[in-house]
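Taking it in order: structure first as structure tokens, then the write-up.
Just so you know, all these numbers are worked out from the coordinates, no wet-lab data involved. All values reported here derive from a predicted model rather than from experimental measurement. Cβ placement follows ideal geometry from the backbone for every residue including glycine, while neighbour counts extend to all protein chains displayed.
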């Protein structure tokens, strides 16, 4: 459990990802993990208002991606939950501006 490599993260991202934000049932308390990540990796950012904005499930329904709004446009802390093991698999910082050339 920790920061995922690009390959590890991409292995959990199996299109089409389905938005389950309004219907997902919490299976793991992710906030203690998120608070540790925020304190250790993002201490320079104001993290008090970070919250889960979206939840996506991958195609084989093996992983959930919880997108935590960082307060920066199109930048999310993604916490990946292993559905079968009912545990946190790890996290990554997803910067859609860099990845897909989106503007601010």
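List pairs: first residue in segment 15-38 and surrounded by 11 or more Cβ atoms within 10 Å (Cβ to Cβ), second residue in a loop (DSSP other than H, G, I, E, B) anywhere in the structure, Cβ distance under 7 angstrom, at least six positions apart or on different chains.
17/58; 27/86; 28/86; 38/47; 38/50
What number of residues within segment 81-93 satisfy the criterion of being more than 8 Å from the chain's Cα centre (by Cα), buried (at least 16 other Cβ atoms within 10 Å of the Cβ) and touching a residue at least 24 places away in the same chain (Cβ under 8 Å)?
5
Please state which one of 78, 55 is surrounded by 13 or more Cβ atoms within 10 Å (Cβ to Cβ), touching a residue at least 12 places away in the same chain (Cβ under 8 Å) and closer than 18 Å to residue 36 by Cβ.
78
Does residue 47 fit the bill of being touching a helix residue (DSSP H, G or I) at 6+ places or on another chain (Cβ under 8 Å), part of a loop (DSSP other than H, G, I, E, B) and surrounded by 13 or more Cβ atoms within 10 Å (Cβ to Cβ)?
Yes: the conditions hold for residue 47.
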